[in-house]
Amino acid sequence: MNATDSVVDFIANTSLQEIPQEARHLGKRAILDTLGVSMAGATDEGVRILVETLRDRQGKPVAGVVGAGTRTDCLSAALLNGTMAHALDFDDVNDSIMGHPSAPLVPAIMSLGEELGASGAQVLEAFLVGFEVECKLGLAVGKSHYVKGWHATSTLGCLGAAAAAAKLMGLDSDRIRMAMGIATSLSNGLRVNFGTMTKPLHVGEAARNGLLAALLAQKDFTSSADHLDHPLGFCQVYSSDDGGSSRLVGTMGSPWEILSTGIVVKKYPCCNNTHRTLDASLAIFEESHPSHDEIDRVEVITPPGEDMSLIYSLANTGLEGKFCMQFCVASALIDGKVDPDTFAEAQVQRPRVQELSRKVKVIYDHNQEPVVVDSGGYVVVRVVMKDGQEHESRAEQAKGSPIHPLTDEEIKEKYTSCARTLLDPDQINRSIDMVYALEDLPDIRELMEMVCLTSPVESRA
């Protein structure tokens, strides 16, 4: 069996009943978190522009648009909701995919699930299958895929969304093969667009294109039959790592990546490569409260490569700030918190934040092994005051990582904080209960109508 056969066979023949209970629970946590950050991202300016651009250009209204109180066709819903899910960079992370696993999957299967009237169990099964496919593909293409400049969340997420949609539609093996082949040519996204509105659009496109691939395959649209094994196939073209597609043979679901690599649930709405540094910075704030105008310099000591995704050394916009270590650390030391308000334009332009940002220096510790998008080794934040006093904190794994996971209660708290502008407390609690009992939900439309078709809380007076 080759790589393509292995992936197709896994998608076609995996059932929810054989997926470990712990994996199902983590899947439900991920779906809840993704719905929450989508609601928080619904009012993002880039999302607003996208919604306005697509208005009057959409089809049959079968799927809800988060926060809009309207329905549209399932492809447009996947695009819009996928963009919302990544708009704040608050969505979950997995090291195998080198990015964000859930944001491309949930919008695709929820919009399709609404059109089909799928059950919660079917949606959960499709999510977990798609999650496994995109993460195992991440291991196959290796870190060179990311280093070359591909936005792996988008490229691999498109294939994951295609796998999930094909599973939810119940496609046979031949059509699954075609769906995955179509998706290999629809996957795209470049890291050069980090810190712009285009980065979350990558995820919306991944959700839409993966869904489109499955819909085309259902109608017998054709693609290459050996798209993962051919010398011109996905793994060979998108990666320069040795091994490539052979890593997919015999590994699908063995082990499940959602269990072995796990999920990072974000505490902060910015690039994951800032998170353990922010934990250390906030620890210094809580312990010492250093006055920003008395700080001489801030040293952030990291393994080489820790800041690969952080392509800005000084932030001029909120989107740039999410990918700027200097801005994130300065904000943490001044405000004692990092939340969605941190990245408002007025907050970014504050003179004291800009001044302190210029005093933050990233220093590579070459005694540590280099990292790419993972979080090996440790970081040290050292704040040196003008009087010579020093404050220092070290962090290895960020809170929210698989080693230091958020509890179910903390996941619910994050969801509540994200959803409270769209849902009232009763709706929040009911939606949480629905997600945690997905196996018993007869029709996913009951959940999505609540998330998508209610007006903002402040307008219900």
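Quick notes
- Pairs of Cα atoms farther than 23 Å apart, the stretch 3-260, %: 43
- Volume in Å³ per residue [convex hull over Cα atoms, computed for the stretch 326-422]: 150
- Mean Cβ count within 10 Å, highest first, over the residues of peptides 132-143, 16-27, 434-445, 111-122: 132-143, 111-122, 434-445, 16-27
- Listed peptides 396-402, 368-374, 157-163 by packing density, highest first (mean Cβ within 10 Å): 157-163, 396-402, 368-374
- Straight-line cross-link partners of residue 60 among the lysines, defined as a Cα under 27 Å from its Cα and at least 8 positions apart when in the same chain: 167, 219.
- With the largest listed first and rounded to whole Å, the semi-axes of the equivalent ellipsoid of the stretch 176-263 from the Cα gyration tensor are 22, 20, 15.
- Antiparallel bridge percentage (DSSP; both residues within the chain; nearest 5): 80
- Averaging 1/r over each pair of different alpha-carbon atoms in the chain and inverting the result gives 22.1 Å, the Kirkwood hydrodynamic radius.
- Charge dipole (the chain, unit charges on Cβ, about Cα centre) - positive-most of 178, 300, 16: 178
- Extension gain from residue 363 to residue 392, taking 0.36 nm per residue of separation minus the Cα-Cα distance: 9.0 nm
- Its DSSP H runs of at least 4 residues, each contributing -39,500 (n - 2.57), put the calculated 222 nm mean residue ellipticity of the chain at -15500 deg cm²/dmol, to the nearest 500.
- All C-alpha to C-alpha distances of the stretch 2-95, sorted into 10 Å bins beginning at zero, yield P(r) values of 15, 33, 29, 20, 2 percent in whole numbers.
- Residues whose amide H comes within less than 5 Å of that of residue 190, counting only those at least five positions distant or on another chain, are 151 (H built at 1.01 Å from N in the peptide plane).
- Sorting the segments 81-88, 184-191 by their residues' average number of neighbouring beta-carbon atoms within 10 angstrom, most packed first, yields 81-88, 184-191.
- In order along the stretch 336-350, the phi-based Karplus estimate (6.51 cos²θ - 1.76 cosθ + 1.60, θ = phi - 60°) of 3J(HN,Hα) comes to x, 6, 9, 9, x, 5, 4, 9, 5, 4, 5, 5, 5, 7, 4 Hz; Gly and Pro are listed as x.
- About its Cα centre, the chain has a charge dipole of approximately 900 debye under the convention of +1 per Lys or Arg Cβ and -1 per Asp or Glu Cβ, with nothing else charged.
- Charge dipole (debye, nearest 20) of the stretch 34-118; +1 at Cβ of Lys and Arg, -1 at Cβ of Asp and Glu: 340
- From the alpha carbon centroid of the stretch 205-256 to that of the stretch 113-156 is 11 Å.
- Which listed pairs, of 143/337; 322/412; 28/266; 322/386; 267/361, have C-alpha distances above 20 Å, in listed order: 143/337; 322/412; 322/386; 267/361
- The local environment of residue 94, defined by Cβ-Cβ distances under 14 Å, has a net charge of -4 under the rule Lys, Arg +1 and Asp, Glu -1.
- For the stretch 205-215, 3J(HN,Hα) computed residue by residue from phi via the Karplus equation (6.51, -1.76, 1.60; θ = phi - 60°) reads 5, 4, 4, 5, 5, x, 5, 4, 4, 5, 5 Hz, glycine and proline entered as x.
- Cβ-based charge dipole, the chain, positive-most Cα from 348, 26, 438: 348
- Rel. contact order, % - alpha carbon contacts under 8 angstrom, at least six apart, the chain: 21
- Under 5 Å from the amide H of residue 297 lie the amide H atoms of 384, each residue being 5 or more positions distant or on a separate chain, with H modelled from the backbone and absent for Pro and chain starts.
- Under the Karplus curve 6.51 cos²θ - 1.76 cosθ + 1.60, θ = phi - 60°, whole-Hz ³J(HN,Hα) for the stretch 83-96, x wherever Gly or Pro sits: 5, 4, 4, 10, 4, 9, 6, 10, 8, 5, 9, 9, 5, 5
- For the stretch 37-83, the equivalent ellipsoid derived from the Cα gyration tensor has semi-axes of 16, 12, 8 Å, listed largest first.
- Against the rule of thumb 2.2 N^0.38 Å, how large the Cα Rg of the stretch 272-395 comes out: 0.97
Just so you know, all these numbers are worked out from the coordinates, no wet-lab data involved. Note that the structure is a prediction, hence the values are computed from the model and not measured. Cβ sites come from the backbone with ideal geometry, for glycine too, and all protein chains shown count toward neighbours.
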